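Some notes on the structure that comes next.
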Amino acid sequence: MRVRARGFTLVELLLAISILAVIAVLGWRGLDSIIRSRVTLTADMEQTRGLQLAFAQMQSDSGNLASTELLHRRAFIQAEDNRITLVRMVMAENQPTRLQVVSYRVNADGVLTRRESAGTRELTELDNLWQAALSDTDTSNTNGAVALQSNVQGMSMRLWVPGTAGTTTAANAGDWVAAAGTSSSGSAIPPIALEVSLTLRGQQVPLVKSFLLGAL
């Protein structure tokens, strides 16, 4: 007796192909979702790393802020919307202490940059570097501005000033210029801390960090 071999019918083949197609689509969507999540996570990590580096640099510059006695009543910090300019001390090993003007800016493209001038020990030269930094014409440093963070919507500042009975008050930075004991806000006491708020594009809540001035 001959046994007839039974194969798959056309309907069964079409059904199997349809099931495999559905599984393939589901698998592709899952893989695509994983890839998109990885790209987003990588971008967020790069953004977080950039902010950490930017805040760390600001902390170093604020901690090394030049003392009022050293500058002989010259301006040592100016903070306004999207701009910070300050004078810091540079203390290298086996070298005399020098003064340096540092500027933070948020440009029209939303990039936070940092520029530092050449170091100097001459106060008259420091005056020229300060004015050049305020007018964005400083060419003393051939390295130019260094980009710290992109996609920045805005940067605002507040300065903390000692008050009576050991209290401190916050003053909005808008065009604050602090010199030895005087400031454009009318305060007779130099600020002791700087608060920086960075708002990134697409985010509602700003990232806030406070730094002690001249703490190092």
Quiz item: Just checking, how many residues over segment 31-57 are under 24 Å from Glu195 (Cα atoms), out of contact with any strand residue (DSSP E or B) (no Cβ under 9 Å at 6 or more places or on another chain) and of a type outside the set (Asp, Glu)?
Solution: 5
Practice problem: Look through Thr113, Thr120, Thr40, Thr137 and report the one residue that is over 19 Å from Leu213 (Cβ atoms) and touching a helix residue (DSSP H, G or I) at 6+ places or on another chain (Cβ under 6 Å). | Solution: Thr120
Practice problem: Search segment 57-85 for residues being on the phi > 0 side of the Ramachandran plot and touching a Gly at 6+ places or on another chain (Cβ under 9 Å), and hand back the single one that is surrounded by the fewest Cβ atoms within 10 Å (Cβ to Cβ). | Solution: Arg73
Quiz prompt | Meets criteria (closer than 21 Å to Trp130 by Cα and among the polar types (S, T, N, Q)) for Asn64 | solution = yes
Quiz item: Among the residues of segment 78-134 satisfying the criterion of being assigned to a strand (DSSP E or B) and small (Gly, Ala, Ser), which is nearest to Met155 (Cα to Cα)?
Solution: Ala79
Practice problem: Keeping to segment 86-118, report how many residues are out of contact with any Lys or Arg (no Cβ under 9 Å at 6 or more places or on another chain), crowded, with 19+ Cβ neighbours inside 10 Å and not charged (D, E, K, R). | Solution: 2
Quiz item: Looking at (1) in a loop (DSSP other than H, G, I, E, B); (2) surrounded by fewer than 18 Cβ atoms within 10 Å (Cβ to Cβ), which is the one condition that is false for Ser18?
Solution: (1)
Quiz item: Can you name every residue in segment 179-196 that is at pLDDT 50 or above and touching a Leu at 6+ places or on another chain (Cβ under 7 Å)?
Solution: Pro191, Ile192, Ala193, Leu194
Quiz item: Do we have Asn82 as closer than 17 Å to Leu148 by Cβ and in contact (Cβ under 8 Å) with a residue 60 or more places away in the chain here?
Solution: yes
Self-check item: Subset of segment 92-114 (residues that are within 24 Å of the chain's Cα centre (by Cα), within 20 Å of Arg74 (Cα to Cα) and of a type outside the set (Val, Ile, Thr))
Solution: Leu99, Gln100, Ser103, Tyr104
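The values are calculated or read from the model by the stated rules, or taken from the named source; none is laboratory data. Please read all numbers here as calculations on a predicted model, not as lab measurements. Here Cβ is always computed from backbone atoms with ideal geometry, including for glycine, and neighbour counts include all displayed protein chains.
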